[in-house]
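Have a look at the structure below before the remarks.
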Amino acid sequence: MNWVGVPPDRFYSEAETFVSGLIHTAEEFDFDIPSLGYDVYNIEAEAMGQPLHLTEGQAPVIDKDAILLKEKVDLLHLRPPEAGLAGRMPFILDVHRLYRERLGFDPAFQFCAPFSLATLVRGYVNFIQDIYADPEFAHDILIFLTEQVIAPWIRAQKRAFPGTMAAVGADALCSPPMVNSQIIEQFSIPYILRLRELCDLDVMVVNWWGDSHFEDVEWFLELKLRVACGVIRAQDPDVARLGPRVFKEFARKHALTLELGLGDVLLNQGPREEIEERIRYYISEAAEGGRFILYLASINSDTPPDHIRTAVAAVKEFGRYT
C-alpha cells in the first residue's frame, strides 16, 4: 500500500488498485510469488457490522471500542452476514478474480479462523475470561461463528471459484504464550475440523507461532499437524531460537512442505550481513530434498527496501539446488 502510494481506504476497497499494487511491488523486489495477503482478520467481522479503524499508512484494524459482543446477551441479536455480499466480501471475490486473471493460477481461499474471530468480536480479554468463567458461552460464540459466518463465507468463495481446493485460516491470535495447549485443543482445533466437515475442500490453519515456548516442541508441532493439510510453518523468533533442523525433521517425518519465516526484527534492523547469514543457515539446514518455502515475515512500510533486496539476493545465491 505504501510502496505504491495509495491511502488505505482505497487500497483495501478497490480490487484493481489492490491487485495491481501487489503485483507491482512483488515485481519491484523480485519475489517468486506475489503473495495474496490482505486484512483477512477483518472480513467476516466487518460483514457482521463490526466497525473498523483506519490510520494513514496502516492496514484496517478492528475498532476495539465498538466490539459486537459487549454483553453476553448481544449474541442473541447477532445476525450472520449474507455470505459473499456483505461488507467487503465482494471486494475479496473481485481480488481473487483479478489475481487469477493476471497470474494464471488460483490462490487458496482465506478466512479468519473461529478462535481469532471470537476474540475480535468479543474482545480478547473478555473471550479468555469466558473460556474460564463460562465455557459454554465461549463455545456458543464459536459454534455461531463457525457454522453461520465462516463456513458460508468459505462456501461462497468456493461457488465463485469451484476449481480452488484449499482454504487457509488466519489464527495467529490463538498462539502461545497468549494461549495454552488446553485452549488450543478445546477451543480452536475442534472448530477448524468442523469447518472441514461443512466445506467441500481442504481447510487448514498454518500460522500458529510460539513453538519455542514448549519444552517438547514436537508435541506442539503435532497439534499444528492436526489442522494442517500438507504444510507445516514456523517463523522467527521461534526458528532462530530452536534452529531450523527440528522443523525440517518433523516435515520430513510426515511428508510435509516446510515454510520458514525470516523475522521482521532482523529484516527491519539488519545488518544486511546478518540477514544474508541467517538465510544461508536456514537454506542449508532446511532445503534438502525440496518442498521448502522461505518467506519474509511481517514486512511493513518501515522495513528498509535494501534489506528486502538483500534477502531476495541471498535466496537467489544460496537457494540453488545442485
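Coordinate-derived values only; no laboratory data. Values in this document were obtained by computation on a predicted structure and should not be read as measured data. Here the Cβ positions follow ideal geometry from the backbone for every residue, glycine too, while neighbour counts run over all protein chains shown.
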Legend entry - Cβ-defined net charge surrounding residue 318, 9 Å radius [Lys, Arg +1; Asp, Glu -1]: +1
Legend entry - Sparsely packed GluC sites (Glu not before Pro) within region 137-216, loop by DSSP, other Cβ within 10 Å at most 12: 215
Inset, instruction - Please go through region 37-146 and write out the GluC sites (Glu not before Pro) that DSSP classes as loop and that have at most 11 other C-beta atoms within 10 Å. - result: 56, 71
Legend entry - Partners for residue 248 among aspartates and glutamates (Cα-Cα distance below 17 Å; same-chain residues under 8 apart left out): 211, 216, 218, 222, 236, 238, 259, 285, 288
Inset, instruction - For the chain, calculate the relative contact order in percent as a whole number, restricting contacts to Cα pairs under 8 Å that are 6 or more residues apart. - result: 13
Inset, instruction - List, largest first, the extents of the alpha carbons of the chain along their principal axes, each in whole Å. - result: 59, 45, 37
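What does the helix-only formula give at 222 nm for the chain: each DSSP H stretch with n ≥ 4 adding -39500 (n - 2.57), the total divided by the residues, and the result rounded to the nearest 500 deg cm²/dmol?
Computed mean residue ellipticity for the chain: -14000 deg cm²/dmol.
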Inset, instruction - Pull out the extension gain between residue 159 and residue 73, defined as 0.36 nm times the separation in residues minus the alpha carbon to alpha carbon distance; nm, one decimal. - result: 27.6 nm
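Once you have a ≥ b ≥ c as the square roots of the Cα gyration tensor eigenvalues for region 142-217, tell me rounded if a/c is under 1.5, and otherwise prolate or oblate according to whether a/b is larger than b/c.
prolate
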Legend entry - Beta bridges by DSSP in the chain, antiparallel share as percent, to the nearest 5: 10
Legend entry - Förster radius 22 Å - calculated FRET efficiency between residue 295 and residue 322 (Cβ-Cβ, nearest 0.05): 0.40
Inset, instruction - Ratio to report: Rg/Rh of region 232-322, with Cα atoms as the point set and Rh obtained by the Kirkwood method; give two decimals. - result: 0.96
Legend entry - Within straight-line cross-link reach of residue 316, lysines at Cα separation under 20 Å, skipping those fewer than 8 residues along the same chain: none
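Report, in debye and to the nearest 20, how large the dipole of the chain comes out about its Cα centre when Lys and Arg carry +1 and Asp and Glu carry -1 on their Cβ.
720
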Legend entry - Cα-based reach from residue 253 at 26 Å (exclusive), listing lysines while leaving out same-chain residues under 8 positions away: 224
